[in-house]
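*Asks:* First the structure, then my questions, so here it is.
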Amino acid sequence: MSDILEKILAVKKQEIQAAKAVKSYASLLDEAQSNSRPRDFVAAIRNKITAGQSAVIAEIKQASPSKGRLRGRISETDTQSLVFSPAEIAKTYAQHGAACLSVLTDRQFFMGSPEYLQEARSACTLPVLRKDFMLDNYQVAEARAMHADCILLIVSAFSLEHRNAPAESLAHMQELEALAHFLDMSVLVEVHDGAELELALQLATPLIGINNRNLHTFSTSLQTTLELLDKIPSHKIVVTESGIHTPADVALMRDNHISAFLVGEAFMRAEDPGIELERLFF
């Protein structure tokens with residue numbers, strides 16, 4: 001995964017430079033600030049938890065490096081693959097109890113796009129996370145310009161970028177988080193292990209995502225979340241990510257007082273992602 005992550009980050013840097021050549025950061029920031037106020041991502045999660053329900057961040061994605069194409073027809077004659085319509089998927093998620101959406105905007109590795117985020121957000125009233133690999137203030141401003149309500153900070157990306165220098169990684173994340181909060185967006189910070197968690201807990205955001213996918217083998221284990229729980233203060237909201245496929249998986253997390261989930265693959269492989277969400281969680 002570190003090899004893939006390096007490739008992804010290299011592409012992100014190229015994309016950022018290309019975008020800056022088309023539109024200046026100052027211009028993009030003006031555009032971001034002129035948009036209507038973001039929807040409150042954290043409040044949407046808290047409201048579900050307060051009501052005693054699972055707070056599900058339901059993901060919209062066509063593909064991933066580890067699983068390949070999950071959804072989307074490759075031609076007009078392809079009648080076997082599931083239809084990929086961000087707007088329709090967003091509607092069914094909203095109808096069946098999702099708290100928020102997560103939309104992939106990375107084109108090369110996940111077959112996502114900013115347009116998919118905009119289509120999904122316009123189709124419902126749920127707050128939306130821009131799921132991408134953030135490294136630069138330009139991307140944060142870009143997220144708000146495309147009407148995202150939350151950004152993702154992946155600790156492993158910053159550790160790789162700064163060659164495992166924790167102080168530099170933390171300062172870099174804090175800079176992006178500060179801009180996101182200045183633009184009234186929420187921040188979800190993602191970790192895979194205890195060392196990453198130590199850095200994540202120093203950010204202001206209450207949202208701590210624990211990715212259960214092993215970065216080296218791609219295997220998933222819900223034990224990853226469970227083993228980190230006792231290190232997380234009670235005022236933080238734990239979001240368990242990856243590996244949730246059955247009602248028993250959900251029950252295991254709920255029995256351990258985890259009420260927030262980010263789920264993508266299990267929904268994307270279903271005929272109707274929203275119905276699958278309701279089956280798993282409600």
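*Asks:* If you check LEU252, LEU215, LEU280, which single one turns out to be at pLDDT below 95 and either in a helix (DSSP H, G or I) or of a type outside the set (D, E, K, R) (or both)?
*Replies:* Result: LEU215 is the single residue among LEU252, LEU215, LEU280 that is at pLDDT below 95 and either in a helix (DSSP H, G or I) or of a type outside the set (D, E, K, R) (or both).
*Asks:* Modelled with pLDDT of 95 or more, touching a Ser or Thr at 6+ places or on another chain (Cβ under 9 Å) and not aromatic (Phe, Trp, Tyr): is that true of ASP184 in this structure?
*Replies:* no
Here's the yes/no breakdown for (1) free of Cβ contacts under 8 Å to residues at least 40 places away in the same chain; (2) of a type outside the set (Phe, Trp, Tyr); (3) touching a helix residue (DSSP H, G or I) at 6+ places or on another chain (Cβ under 6 Å); (4) surrounded by fewer than 16 Cβ atoms within 10 Å (Cβ to Cβ):
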position: ASN212; (1), (2), (3), (4): yes, yes, yes, no
position: THR224; (1), (2), (3), (4): yes, yes, no, no
position: LEU229; (1), (2), (3), (4): yes, yes, no, yes
position: VAL239; (1), (2), (3), (4): no, yes, no, no
position: SER242; (1), (2), (3), (4): yes, yes, no, no
position: LEU252; (1), (2), (3), (4): yes, yes, no, no
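*Asks:* Quick check on region 218-236. Is at least one of its residues among the aromatic types (Phe, Trp, Tyr) and assigned to a helix (DSSP H, G or I)?
*Replies:* No, region 218-236 has no match at all.
*Asks:* I'd like to know if region 58-74 contains one or more residues that are out of contact with any Cys (no Cβ under 6 Å at 6 or more places or on another chain) and assigned to a helix (DSSP H, G or I).
*Replies:* Initially, region 58-74 is screened for residues out of contact with any Cys (no Cβ under 6 Å at 6 or more places or on another chain), giving 58-74.
Checking which are assigned to a helix (DSSP H, G or I) leaves us with none.
Scanning region 58-74, I find no residue that is out of contact with any Cys (no Cβ under 6 Å at 6 or more places or on another chain) and assigned to a helix (DSSP H, G or I), so the answer is no.
*Asks:* Something else now. Give me a count of the residues in region 255-273 that are assigned to a helix (DSSP H, G or I) and either under 13 Å from SER85 (Cα atoms) or in contact with an Asp or Glu (Cβ under 6 Å, 6 or more places away or on another chain) (or both).
*Replies:* 3
*Asks:* With (1) modelled with pLDDT of 90 or more; (2) assigned to a loop (DSSP other than H, G, I, E, B); (3) within 18 Å of GLU119 (Cα to Cα); (4) touching a Gly at 6+ places or on another chain (Cβ under 8 Å) as the list, and GLN53 as the residue in question, which single condition is left unmet?
*Replies:* Result: GLN53 passes all but (3).
A quick yes/no check of all residues on (1) more than 18 Å from ASP30 (Cα to Cα); (2) buried (at least 24 other Cβ atoms within 10 Å of the Cβ); (3) touching a Pro at 6+ places or on another chain (Cβ under 9 Å); (4) of a type in the set (Ser, Thr, Tyr):
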residue: GLN118; (1), (2), (3), (4): yes, no, yes, no
residue: LEU126; (1), (2), (3), (4): yes, no, no, no
residue: GLN139; (1), (2), (3), (4): no, no, no, no
residue: GLU142; (1), (2), (3), (4): no, yes, yes, no
residue: HIS147; (1), (2), (3), (4): no, no, yes, no
residue: VAL155; (1), (2), (3), (4): yes, yes, no, no
residue: SER159; (1), (2), (3), (4): yes, no, yes, yes
residue: ARG163; (1), (2), (3), (4): yes, no, no, no
residue: PRO166; (1), (2), (3), (4): yes, no, no, no
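The values are calculated or read from the model by the stated rules, or taken from the named source; none is laboratory data. Small disclaimer: the values here were computed from a predicted structure and weren't measured. FYI the Cβ positions are ideal-geometry reconstructions off the backbone, even for glycines, and counts take in every protein chain you see.
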